[in-house]
Amino acid sequence: MTSSRFAWSIRNTIPWILSWPGFPFVLMPAAVLLAWPCLSAGWFGDDILHRAAHSDDPAADALFLQDGRLKGPMRMYSFFTGEQERLRQAMDLGGIPWWCDLDIRAAFWRPLTACFSLLDYWLWPDSSAMMHCHSLAWFIGLLILAAATYRNLMGAGWAAGLALLLYALNDTPAVPLAFLANRHILLGAGWGLFALWAHDHGRRFHRLPFVILASTAYVLSLLSSESGVAVSAYLLAYAVWLDRGPARSRALSILPYITLTIIWRILYISLGYGISGLELYVDPGIDPARFGMAVVERLPILLLGILALPSPELYVLLTPFAVRIYWMAAVSLLCGLTFLFYPVWRGCRISGFWLTGTVLALVPLCAAWPGGRSLVLAAFGGMGLLAQTTHNTFQVSFTPDRPAPAWTRRILVLLLITRILSGAVHLQWTPAALDRLQKGIDLVSMAKQSVLEQAGKTVIFVNPPVPLLVAYLFPIRLLNGDPLPSRVRVLTPGLDPAALVRIDAKTVVVRPQYGYAGPPRWVADSWLDPKTYVDPANSLRRIERLLLGKKSPSQLGKKLSLTGVSIEITQLTGDQRPAAAKFVFDVPLEDSSLYWVQWNPRTWEYQPFPLPPIGETVHVE
């Protein structure tokens, strides 16, 4: 067979396969097989907290300091409720570092997702595999709805099949499948696509029951996840591009969703939910100016991550210098793709719908740090756009007078192959990656080291690499049935060197080289050094700053009294962060009630910390 005949055969076979009615029934099992490793993912991060909160151990009530916290439909995702007394108690226990802001709030209203999680804890509380199987069932439902919606909007041709292939094998569901606490994204996306499908059916055939069904599904999406609000972008884009009714009728068609969104937001705030004082999230209703800046910075990065590469997860590893390069590259590449594909988008209402819906769906998602896990709904539109662009590019009848150049087709094929391979790799490897991260959390929190020696004592972490992760010591030991320490204390973050000065028998002054909770920075000495651009330590610095807060800058001389120790800020950095702190303990530092450890970056474990004599200084790495 000559190469020309082979190419002709490929060009005809692939569209036939993609447009075959049975194609979705072959594709979905293949996608499930690729995602199958999630069943062995176990519990990760917030899953540990949720599992401990649902424990029958009486110690759990004291550990979580609040009846019903992280438990029940209304409180499962309320990590920080903004109640200062509760936060102070958590700080006294050691659940959050002493320099954190007590005005922070991180409470999410996801009652529908919480109900399904409660079902897990009722049916199989000790089986992570069954819980992940539950998530996999939602993933299958999401693909079924995606297939139906693509077919309704794009017709029964091969473009809808290609869109489903890209969506089934895209990387955005990888983390929600392997991370139980992120299941809310799958639920929000599933109900959201159901709303879009029903809305299209109701408007296309003028059937009121489907319009009511669409509104109901939209509410369920909002009650599952804040990311569900992204489906409103597609509903608006539908009214602009695809709805063939009069302008007044199209405008009225989206009014119910606007009304429901406003009601949901009012209830969300009035019930005490929301985000404030955190760097990880920006609440557009509380801080609109900062949210606007976040949209400008993050939207190009997210859109490029959906349509091409790299994954937005790269953002947290970059230095501030590299973030600017990343942003400029994203804007440049997106402009290039727009210039390249505009001729095949022009005059195509479906392309206009996908492009408008995808961009608008990304706007609310800019409230969080760039990451692929929140883009499941936005990726639905992105994959539709790529599929429709491919259809228009290769369908000669669509552009008979201006066929796409060969190099445009090659670039498009390269994009498609990249998306499929990237998604397959993410679905396969993400569970193993999260497992490695959880093992790192176990090490950093010292959850499985020196358990008996610390029982009932106050553990002093001199320099943990990620202070916020030390809190996992309590729930992990609780779940393992191990004895708990009475409290933990953190002296300084361990990413940078610090000096400890022993003042007297009970007092030590700590001076981190760059102060507490420093921002990500460029620490390389050469443009050729990879750390000029990518430094994993920057992701840890971002975690360290999560609870720093923005409402209450540190004050020189400010004192904090915790059980067994008094802490005073003795020096500030130029940006009003603590630069040095004095710790005055109630007992001598050598007292048997205190258990001192320091992190060894060479062996990746804690070791006993030798206390310096009075008047001497010791430097820790």
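The values are calculated or read from the model by the stated rules, or taken from the named source; none is laboratory data. Predicted model, so just to flag it, every value in this text is computed and none were measured. Cβ coordinates were reconstructed from backbone atoms using ideal geometry, including for glycine residues, and neighbour counts include every protein chain displayed. The accessibility values were calculated without ligands, DNA or RNA, using every heavy atom of the protein model including side chains. Shrake-Rupley method; radii C 1.70, N 1.55, O 1.52, S 1.80 Å.
For ARG521, state whether it is basic (Lys, Arg), closer than 27 Å to GLY440 by Cα, open to solvent by less than 70 Å² (accessible area, probe 1.4 Å) and at pLDDT below 90.
Taking the combined requirement at face value, the residue satisfies it.
Which residues, taken from the range 319-343, are open to solvent by 30 Å² or more (accessible area, probe 1.4 Å) and within 22 Å of the chain's Cα centre (by Cα)?
Answer for the range 319-343, where residues must be open to solvent by 30 Å² or more (accessible area, probe 1.4 Å) and within 22 Å of the chain's Cα centre (by Cα): PRO320, ARG324, TRP327.
Name the residues in the range 91-119 that are part of a helix (DSSP H, G or I) and within 22 Å of the chain's Cα centre (by Cα), would you?
PRO111, LEU112, THR113, ALA114, CYS115, PHE116, SER117, LEU118 - these are the residues of the range 91-119 that are part of a helix (DSSP H, G or I) and within 22 Å of the chain's Cα centre (by Cα).
Is it fair to say LEU317 is at pLDDT below 95 and farther than 19 Å from PRO364 by Cβ?
Yes: the conditions hold for LEU317.
Answer yes if at least one residue in the range 296-306 is touching a residue at least 24 places away in the same chain (Cβ under 8 Å), of a type in the set (Lys, Arg), under 30 Å from GLU83 (Cα atoms) and part of a helix (DSSP H, G or I), and no otherwise.
no
Return the pair list, or none, for Cβ contacts closer than 7 Å from residues in the range 242-256 that are touching a residue at least 40 places away in the same chain (Cβ under 8 Å) to residues that are assigned to a loop (DSSP other than H, G, I, E, B) and surrounded by 12 or more Cβ atoms within 10 Å (Cβ to Cβ), at least 6 apart or on different chains.
Every condition considered, the pairs that remain are SER253/ASP243.
Collect the residues in the range 597-617 that are out of contact with any strand residue (DSSP E or B) (no Cβ under 9 Å at 6 or more places or on another chain) and without any contact (Cβ under 8 Å) to a residue 24 or more places away in the chain, keeping them in residue-number order.
Passing the criteria: ARG602, THR603.
Mind telling me which of the residues ARG298, ARG265 ends up being basic (Lys, Arg) and surrounded by fewer than 18 Cβ atoms within 10 Å (Cβ to Cβ)?
None of the others qualify; the one that does is ARG265.
So is ALA129 surrounded by 20 or more Cβ atoms within 10 Å (Cβ to Cβ) and farther than 19 Å from LEU278 by Cα or not?
No, not satisfied.
Quick one: GLY272 ticks every box in (1) open to solvent by less than 50 Å² (accessible area, probe 1.4 Å); (2) in a helix (DSSP H, G or I) except a single one, so which number is it?
Here GLY272 clears every test but (2).
Hey, can you tell me all the residues within the range 353-371 that are touching a residue at least 60 places away in the same chain (Cβ under 8 Å), assigned to a helix (DSSP H, G or I), open to solvent by 10 Å² or more (accessible area, probe 1.4 Å) and not polar (S, T, N, Q)?
VAL359, LEU360, VAL363, PRO364, LEU365 - these are the residues of the range 353-371 that are touching a residue at least 60 places away in the same chain (Cβ under 8 Å), assigned to a helix (DSSP H, G or I), open to solvent by 10 Å² or more (accessible area, probe 1.4 Å) and not polar (S, T, N, Q).
Of the residues that make up the range 120-135, is at least one small (Gly, Ala, Ser), more than 28 Å from TRP241 (Cα to Cα), in a helix (DSSP H, G or I) and in contact with a Pro (Cβ under 8 Å, 6 or more places away or on another chain)?
Among the residues of the range 120-135, at least one is small (Gly, Ala, Ser), more than 28 Å from TRP241 (Cα to Cα), in a helix (DSSP H, G or I) and in contact with a Pro (Cβ under 8 Å, 6 or more places away or on another chain), which makes the answer yes.
Kindly list the number of the only condition in (1) among the hydrophobic types (A, V, I, L, M, F, W, C); (2) within 30 Å of LEU166 (Cα to Cα); (3) in a strand (DSSP E or B) that fails for ALA432.
With (1) among the hydrophobic types (A, V, I, L, M, F, W, C); (2) within 30 Å of LEU166 (Cα to Cα); (3) in a strand (DSSP E or B) applied to ALA432, the lone miss is (3).
Hey, any hits in the range 31-51 for a residue that's surrounded by 20 or more Cβ atoms within 10 Å (Cβ to Cβ), aromatic (Phe, Trp, Tyr) and in a loop (DSSP other than H, G, I, E, B)?
Taking every residue of the range 31-51 in turn, at least one turns out to be surrounded by 20 or more Cβ atoms within 10 Å (Cβ to Cβ), aromatic (Phe, Trp, Tyr) and in a loop (DSSP other than H, G, I, E, B).
Among the residues of the range 366-389, is any over 26 Å from PRO520 (Cα atoms), aromatic (Phe, Trp, Tyr) and modelled with pLDDT under 95?
no
Based on what the data block shows, is ARG183 surrounded by fewer than 21 Cβ atoms within 10 Å (Cβ to Cβ), of a type in the set (Lys, Arg) and at negative phi?
In short, no.
For the range 203-242, how many residues are out of contact with any Gly (no Cβ under 7 Å at 6 or more places or on another chain) and not in a helix (DSSP H, G or I)?
Of the residues in that region, 3 qualify.
Against the definition (touching a helix residue (DSSP H, G or I) at 6+ places or on another chain (Cβ under 8 Å), among the polar types (S, T, N, Q) and crowded, with 22+ Cβ neighbours inside 10 Å), how does SER215 come out, yes or no?
So SER215 does not fit the description; no.
Does PRO608 satisfy being within 22 Å of SER445 (Cα to Cα), open to solvent by 60 Å² or more (accessible area, probe 1.4 Å) and under 28 Å from the mean Cα position of the chain (by Cα)?
no
Just give me the residues in the range 557-596 being in contact with a Ser or Thr (Cβ under 7 Å, 6 or more places away or on another chain), free of Cβ contacts under 8 Å to residues at least 60 places away in the same chain and buried (at least 16 other Cβ atoms within 10 Å of the Cβ), in sequence order.
Result: ILE569, LEU572.
Rundown of residues vs (1) out of contact with any His (no Cβ under 7 Å at 6 or more places or on another chain); (2) touching a residue at least 40 places away in the same chain (Cβ under 8 Å); (3) over 27 Å from ALA156 (Cβ atoms); (4) of a type in the set (Ser, Thr, Tyr), yes/no style:
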| position | (1), (2), (3), (4) |
| --- | --- |
| ASN12 | yes, no, no, no |
| PHE25 | yes, no, no, no |
| LEU39 | no, yes, yes, no |
| ASP46 | yes, yes, yes, no |
